[in-house]
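Peer 1: Supplied in structure tokens, the structure appears directly below.
We did not get these values from a lab; they are worked out from the coordinates using the rules stated. Keep in mind that this is a model prediction, so the values were computed, not measured. Here the Cβ is made from the backbone with ideal geometry for all residues, glycine too, and neighbour counts use every protein chain on show.
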Amino acid sequence: MRGRYLLLIILLVIAAWVAVSSFNNVVIEQLNDTGLVRIRVKFYIPVIERDAADKIRLESERPGMDFVKTFRWLDDRTLEIYALEKGLPKGFKTILRIEPLKTAVPGLLKGVRVYYRVKIRPFPVEVSSPVASSGPVVLSFSTPVEEEEISKYLRADFDFDLRPSYILTATGKLFKDESRWLLVPREPLRPGDKYFVKFESGESVFSGYSRWFEVAPVPKVISTYPENGRADVMPYTVLKVDFDQEMREVLIKVSRMSGDVICRGKTAEFKPHSVFLPGETYEASVEGTSVYGQKSAPYRFKFTAKPIGDSLWVEVSLKPLQKVVVYRGKKIVKTMLASGGRPGSDTETPLGYFTVKDRGVWFFSERFGQGAFYWVRIKDNYLFHSMPRDKDRNVIKEEYEKLGIPASHGCVRLKDEDAKWFYENIPEGTMVVIHD
């Protein structure tokens, strides 16, 4: 029996502890029409941890909202917080979290979790402009507004469907943002034309509001590099496409060639993954979407890689799994696994076009403590050569195992047998193109 009573007492103490630690009095008062609130938290046990700046959290249910807040202690039990949502919109449900603070009772921590929502005058803030022909036209308000309050009085000089806006949250869920409503045209709007939206006079709080907006022009390609029909394009050439306006995204496809597209402002670039074969003609197709969501018309241009007959030339690809490819004209003669320079201003392999210069059987660099056989120079101290050796001409095993990935001080490493072949078969003056 005594054991049962003891257990009951312990449970009662724990229950009382939980009740006391979680019980606070919170009073929230909105002070003005801007949404400034004063929050007074009354703790029933004195708090000794006063530095609460990093423990006060304000989070809106709408992603991307931010707050201005200040706080002060009125006494050891009363915390006063002033909070204001930055900018517009405002009026979404907000959660105030105060992480547990140390109290005068050893081991007892006090925290707060409470929700509130401010009320401000609803009014239209802006109408998006320019917009794409397909829309949507975004009508933004100062605070969440129900659909019925809008649809009854909203008019435009085009037919539209009214839809809510959604924001993707950090957790992957969709949040319905009732401060932004979308007017989706039922028929495409004419590029370059102006349209209006307005609220008819009546009982609506938005009565009399009207705004014009413009439909964005269709983006156009104004130039390309290489130009359409050009017939002397070098084997590795980055394609450039210039538009008459800033673009959000651009798709460039090239026949028989993969590559990466980079879009910056009004210019898009296509970086090919390999080289264009001499004498071959390629067709590029371009489509894009402007920053306003307006799609361009398809655009195509052709170019031909510069013919070089049956001459030998060399491609060095510094893409993952680095390699050297030797061509005769447009035919591959030999492909070799390679290693270029490590990332860094002093160790990167230079990109561009070079020609083979002098050569030698052996060298050793005191600076790097490495040497190699069968070196062939292309620029300054940048060479093709065998796998690195120590001063006694022994293979450095750990370097040999890096073949295919960036590993050198800027030279192009090859297997010993490949370096010997390169040394014996690639004559002085041969073109070398190095790309990443």
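Peer 1: Stretch residue 123-residue 190 to full length: gain in nm at 0.36 nm per residue minus the Cα-Cα span?
Peer 2: That works out to 21.3 nm of additional length.
Peer 1: May I ask for the angle, rounded to the nearest 10°, between helix 416-425 and the longest principal axis of the chain, with both axes built from Cα atoms and the value confined to 0 to 90°?
Peer 2: 50
Peer 1: With a Cα-only, solvent-free Debye model of region 241-283, what are the log10 I(q)/I(0) values at q = 0.13, 0.17, 0.23, 0.25 Å⁻¹?
Peer 2: Scattering profile of region 241-283, log10 relative to I(0): -0.32, -0.51, -0.78, -0.86.
Peer 1: Additional query: Less than 18 Å apart at the alpha-carbon level, and either on another chain or at least 8 residues along: which aspartates and glutamates does that give for residue 152?
Peer 2: Within the straight-line limit of under 18 Å, residue 152 reaches these aspartates and glutamates: 161, 178, 200, 203.
Peer 1: Roughly how many whole Å is it from the C-alpha centroid of region 378-436 to that of region 169-233?
Peer 2: 55
Peer 1: Run the numbers on the chain and let me know its relative contact order in percent, using alpha-carbon pairs under 8 Å that are six or more apart.
Peer 2: Computed over the chain, the figure is 9 percent.
Peer 1: Starting from the Kirkwood Rh over alpha-carbon pairs, what translational D in µm² s⁻¹ does region 124-214 have by Stokes-Einstein at 37 °C and 0.692 mPa s?
Peer 2: Rounded to a whole number, D works out at 240 µm²/s.
Peer 1: OK, next. Between the helical axis of 2-22 and the dominant principal axis of the chain, each derived from Cα atoms, what acute angle in degrees is found, rounded to the nearest 10?
Peer 2: 80
Peer 1: Let me ask something else. Distance cut-off 28 Å, Cα to Cα: go down the list 86/295; 86/194; 69/102; 253/295; 319/357; 302/331 and report the pairs above it.
Peer 2: 86/295; 86/194
Peer 1: State the answer as a single residue: which of 64, 81, 108 lies farthest towards the positive end of the charge dipole of region 22-116, with beta carbon charges of +1 for Lys and Arg and -1 for Asp and Glu, about the Cα centre.
Peer 2: About the Cα centre, the residue reaching furthest to the positive side is 108.
Peer 1: Packing-wise, with mean Cβ within 10 Å as the measure, how do 245-254, 405-414, 132-141 rank, highest first?
Peer 2: Most protected by this proxy first, the peptides run 405-414, 132-141, 245-254.
Peer 1: Using Cα pairs closer than 8 Å and at least 6 residues apart in sequence, work out the relative contact order for region 138-254, in percent.
Peer 2: Relative contact order here is 21 percent.
Peer 1: Could you give the semi-axes, largest first, of the ellipsoid that matches the chain, computed as the square roots of 5 times the alpha carbon gyration tensor eigenvalues and rounded to whole Å?
Peer 2: 64, 41, 16
Peer 1: Above 20 Å lies some portion of the pair distances; for region 22-116, what is it as a whole percent of all C-alpha pairs?
Peer 2: Every Cα pair in region 22-116 considered, those over 20 Å come to 34 percent.
Peer 1: Rounded to the nearest angstrom and ordered from largest down, what semi-axes does the equivalent ellipsoid of region 301-436 get from its C-alpha gyration tensor (root of 5λ)?
Peer 2: Working through the eigenvalues yields semi-axes of 26, 16, 13 Å.
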